[in-house]
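Engineer: Sharing a structure here in structure tokens format.
Each reported figure results from applying straightforward, stated rules to the coordinates on display, with no laboratory input. A quick note: this is a predicted structure, and the numbers were derived from the prediction, not measured. As a convention, Cβ positions derive from the backbone with ideal geometry for all residues, glycine included, and neighbour counts pool all protein chains shown.
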Amino acid sequence: MLFLQRMHPERVLRLGLGFTFLYSGWDLISNPYDWYGFVPAWFSAVVTPVMPLEMFLRVQGVGELLLAAALLAWFLPRRIVQIAAMLAVAHLFVILVGVGIDPVTFRDVGLLGAAIALLAHMSRS
């Protein structure tokens, strides 16, 4: 139990969210076709006149990698991490509202909760 008492909630939340965004961001860039099934038809119809869906998913992957970097870089000012947490909350909220219920909704709800917790924690500190 001493180990758990020494854990800092901010670090745990940053690591968890950071590695999740790192993994998904890299996978979006490396394997965008694997993500097509998670894009609602209505959203695809909105995006494809502007750019190919593959490109959109890769751009989203870059955004997620930037979020990961901001969350994992221990040397960044707290304000940058706070902004990253706000962006993570917005990103996950848009995914939940825009995509709706799908096979990975449970993951997105948990990540949204973690992002809100990180934002709340950083707002108090």
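Engineer: If R₀ is 30 angstrom, what is the calculated FRET efficiency for the pair Asp108 and Val50, using the beta carbon separation as r and rounding to 0.05?
Structural biologist: After rounding to 0.05, the efficiency reads 0.80.
Engineer: Output the relative contact order of the chain, whole-number percent, from Cα pairs under 8 angstrom with separation of 6+ residues.
Structural biologist: 32 percent
Engineer: What order do you get for Phe75, Phe106 when you list them from fewest to most C-beta neighbours inside 10 Å?
Structural biologist: Placing the least packed residue first, the sequence is Phe75, Phe106.
Engineer: ³J(HN,Hα) across region 38-44 via Karplus (A = 6.51, B = -1.76, C = 1.60, θ = phi - 60°), whole Hz, x for Gly/Pro?
Structural biologist: In residue order, the calculated couplings are 8, 8, x, 4, 5, 6, 4 Hz.
Engineer: Using unit Cβ charges (K, R positive; D, E negative) and no other charged atoms, how large, in debye to the nearest 20, is the dipole of the chain about its Cα centre? Present the calculation step by step, with values, prior to reporting the outcome.
Structural biologist: On the way: 8 positive and 7 negative charges, 132 e Å.
Approximately 640 debye in magnitude.
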